[in-house]
Amino acid sequence: MFHRCIKPSKSQSFFIFGARGTGKSTFILKQWDQNQFNINLLEDKWESRYSRNPDLLISDIQALKKRPEWIVIDEVQKNPKLLDIVHHLIESKNLKFILTGSSARKLKRGNANLLAGRAFYYQMYPLTTVELKQEFDLDFILQWGSLPKVFSLNDEDRAEFLRSYCQTYLKEEILQEQIVRNGKAFRNFLEIAAQMNGEPINFSKISRDIDTDTKTVQSFFQILEDTLVGFFLPAFHRSIRKSVKLQPKFYLFDLGIKRAMEGTLLSDIPIKSSTYGKAFEHFIIAETFRLNSYLRKDFHFYHYQTTAGGEIDLILIQAQKVIAVEIKSSSHIDLVEIKKLAKVAQALTPNKIFYVSQDPTPTQIDSVCCIHWKDFLNQLFKIQQN
């Protein structure tokens, strides 16, 4: 059992959203293991009971011999109508609810009651370096990702688990829920999305590759975001209006799932290869994204590209603060790359420029702070890495 970074309220109802397998249910059972009434809508007995009559939730709670301190409803997106009942019970009975979900899509699209002001919102991710502590192994994470389940399996079973995740959840369950109608195009899209992970998205090219239209491809990416399987990294521009016209990037939520989706789980990731560099960049961006959410730092995330071909991997915006971050997997800094970074970053007038790598020796070269990735996370989030 890992000690998770997420810190939900102990006094208010709340949602915890997160992709399947991130450990939501395990976390709740550990933290709130006494005096709770549990409803898992993945179980047919609960799903069928409340789909016919959501009001039965009121009767079921009233019938309990002891008033529960917490009512837990897992996978609440399976029955959004229950949220109206939850709202009523919070208001009239002062009950506290823990509501988990692996997809916000049904709730958003169905105009579900999201209990504004009555339930806080949290998100859970695969394990972070902070949570893994001494069990953290960079090469392991780059190959297998950090879903909690992979740490209890051998290599053969890890590969099978990740393949099964992609087959049964990403490909089949999303289709069964009729989130998408063109199943063949969506299955083909998943492999391409994995191959394009961290690259500027050319929606038109992908649409030609899977023989569908551009709007459908855009909706497929939106489905992955809504089901918490990935996140967009918009292109940064000083003008928000212009920013939305530039090509975003898209990152999958877990490195192991990314490799399973593209069919490369059993392939080595040679150090100093482009594959290793891209995986390391994916790891740093995903780690920064997760810790930003857990620690409530309110950074906004972007990437930056110039028409002349210059680019910066990550731009962090917090209020008026601008931080430019270039990510390199090498164990030694590259002076040519650092000078190039400083030049490209000039147009942004950033408060700080980081060149993040695996070089253990920190140094300042003109305006660029060259720093080991663990020290970068420590500076950014005030955490202590082991």
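Every read-out reported here was derived from the displayed coordinates using simple, explicitly stated rules and does not represent laboratory data. Keep in mind the model is a prediction, meaning the values are calculated, not measured. Backbone-built Cβ (ideal geometry, glycine too); neighbour counts: all protein chains shown.
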Fill in the blank from the handout: Stokes-Einstein D for segment 295-381 (37 °C, 0.692 mPa s, Kirkwood Rh from Cα pairs), in µm²/s, comes to 250 µm²/s
Exercise for the section: Mind scanning Lys65/Lys96; Lys24/Lys352; Lys24/Lys184; Lys96/Lys171 and naming the pairs with a C-alpha gap bigger than 29 Å? Expected result: Lys24/Lys352; Lys24/Lys184; Lys96/Lys171
Problem - Base-10 log of normalised Debye intensity for the chain (one unit scatterer per alpha-carbon) at q = 0.10 Å⁻¹ - result: -0.71
Handout entry: Separation in nanometres of the label points that stand 7 Å from Cα toward Cβ, at Asn35 and Lys215
Key = 5.4 nm
Exercise for the section: Let me have the relative contact order for segment 13-123, percent, based on Cα pairs under 8 Å that are six or more residues apart. Expected result: 41 percent
Handout entry: 17 Å cut-off, amide nitrogen to a point 7 angstrom out along His332 Cα→Cβ, residues in segment 267-301
Key = 271-273
Exercise for the section: State, to one decimal in nm, how far the label point of Lys10 lies from the label point of Asn182, with both points 7 Å from Cα in the Cβ direction. Expected result: 5.2 nm
Exercise for the section: May I ask you to sort Cys166, Cys5 by Cβ crowding, counting other Cβ atoms within 10 Å and putting the fewest first? Expected result: Cys5, Cys166
Exercise for the section: Would you kindly state how much longer the chain becomes between Glu225 and Leu266 on full extension, computed as 0.36 nm times their sequence separation minus their alpha carbon distance, in nm to one decimal? Expected result: 12.1 nm
Handout entry: By average C-beta atoms within 10 angstrom, highest first, the peptides 277-290, 144-157, 336-349
Key = 277-290, 144-157, 336-349
